[in-house]
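Scroll down for the structure; my scribbles are underneath it.
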Amino acid sequence: EGYLLDDTPQTVEVLSGKTVTVEFRNQSMGGVLVKKVDAVTGKPLSDVEFMVTNTDGSLIGNSNGKFVTDSSGCFTITDVTPGTTIVVRESRAREGYLLDNTPQTAVIQSGKTITLEFRNQPKGALVIVKRDAETKQPLQGAEFKIITSNGAYADAQGGSVSSNGIYITDQDGQIILTDLEPDTYVVTETKAPGGYELDELPQTVVVNANDTQTLY
């Protein structure tokens with residue numbers, strides 16, 4: 001185990017009264033260590049799924065080519081034949097991060113474990129703040145419609161989105177949308193709190209990876 005089979009036969013002539021030595025050499029297998037980290041903080045990211053194949057598309061391992069990072073943000077593939085080119089591609093990102101599906105390759109070397117490091121960018125966030133124009137007190141119950149640049153309804157972890165992309169300010173006068181894909185977002189007030197005029201002029205904001213934007 002851990003070595004490459006050398007099945008090339010050797011032939012020896014045994015002579016009377018002599019001992020002949022035949023030597024077989026086994027080449028040790030190699031491996032790959034895959035690390036997944038936060039691109040900003042460098043902290044390890046667990047529960048990230050990868051697909052691993054060789055260059056002809058054959059799946060590696062016993063789980064249809066799938067490997068998942070552990071609590072240390074890593075997984076290891078062992079006992080791979082030297083000279084094999086391994087192709088590693090992220091297939092599922094951890095919640096709150098952008099998928100990085102650019103593959104990395106490694107040529108396996110005898111007796112060595114090659115390290116591949118993948119970095120995930122955190123998704124962005126958007127904070128909408130609604131206040132009284134004079135007193136600056138937060139206003140609860142203001143309703144906003146939030147859509148992306150292509151007109152799709154904005155959906156985000158931490159928000160309570162309805163089927164038509166509506167969010168409502170909380171007791172602090174805020175709507176907080178996290179885990180947003182980088183995009184341009186259009187925010188329009190659709191219903192003002194009781195006793196206030198509707199401000200129906202849309203605002204546009206660009207949210208990037210690892211970026212928090214605030215609209216007032």
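The values are calculated or read from the model by the stated rules, or taken from the named source; none is laboratory data. Source: prediction; values computed, not measured. A quick note on method: Cβ atoms are made from the backbone with ideal geometry, for glycine too, and the neighbour counts reach across all protein chains shown. Keep in mind that these areas ignore ligands, DNA and RNA; they rest on the heavy atoms of the full protein, side chains included. Shrake-Rupley method; radii C 1.70, N 1.55, O 1.52, S 1.80 Å.
Cα convex hull of region 20-144: how many Å³ per residue?
Hull volume normalised by residue count: 159 Å³.
Over the chain, what percent of the accessible surface lies on carbon and sulfur atoms, probe 1.4 Å?
The nonpolar share, carbon plus sulfur, comes to 45 percent.
If you wrap region 70-110's Cα atoms in a convex hull and average its projection over all directions, what's the area in nm²?
Working: hull surface 14.6 nm².
Its average projected convex-hull area is 3.7 nm².
Cut-off under 14 Å on the C-alpha distance; same-chain residues fewer than 8 positions from LYS112 excluded. Which aspartates and glutamates are left, in chain and number order?
ASP79
Beyond a 29 Å Cα-Cα separation, which of these cross-linked pairs lie in this structure: LYS136/LYS191; LYS43/LYS130; LYS43/LYS66; LYS35/LYS145; LYS43/LYS136?
In this structure, LYS43/LYS130; LYS35/LYS145; LYS43/LYS136 lie more than 29 Å apart at Cα.
Keeping every protein chain present and rolling a 1.4 Å probe, give me the accessible area per residue for region 107-216 in Å².
Dividing the accessible area of region 107-216 by its residue count gives 57 Å².
Hey, can you grab everything whose amide H is under 5 Å from the amide H of ASP79? Only 5+ residues off in sequence or another chain; H modelled, so Pro and N-termini drop out.
Placed amide hydrogens put GLY30 under 5 Å from ASP79.
With an 8 Å Cα cut-off and a minimum separation of 6 or more residues, compute the relative contact order for region 103-216 in percent.
Relative CO of region 103-216 lands at 33 percent.
In region 1-77, what GluC sites (Glu not before Pro) fall in a loop by DSSP, with at most 10 other Cβ atoms inside 10 Å?
Values: sites: GLU1, GLU13, GLU23, GLU49; in loops: GLU1, GLU13, GLU23.
Sites meeting the loop and neighbour criteria: GLU1, GLU13, GLU23.
Can you give the alpha-carbon Rg of region 85-216 over 2.2 N^0.38 Å, where N counts its residues?
1.44
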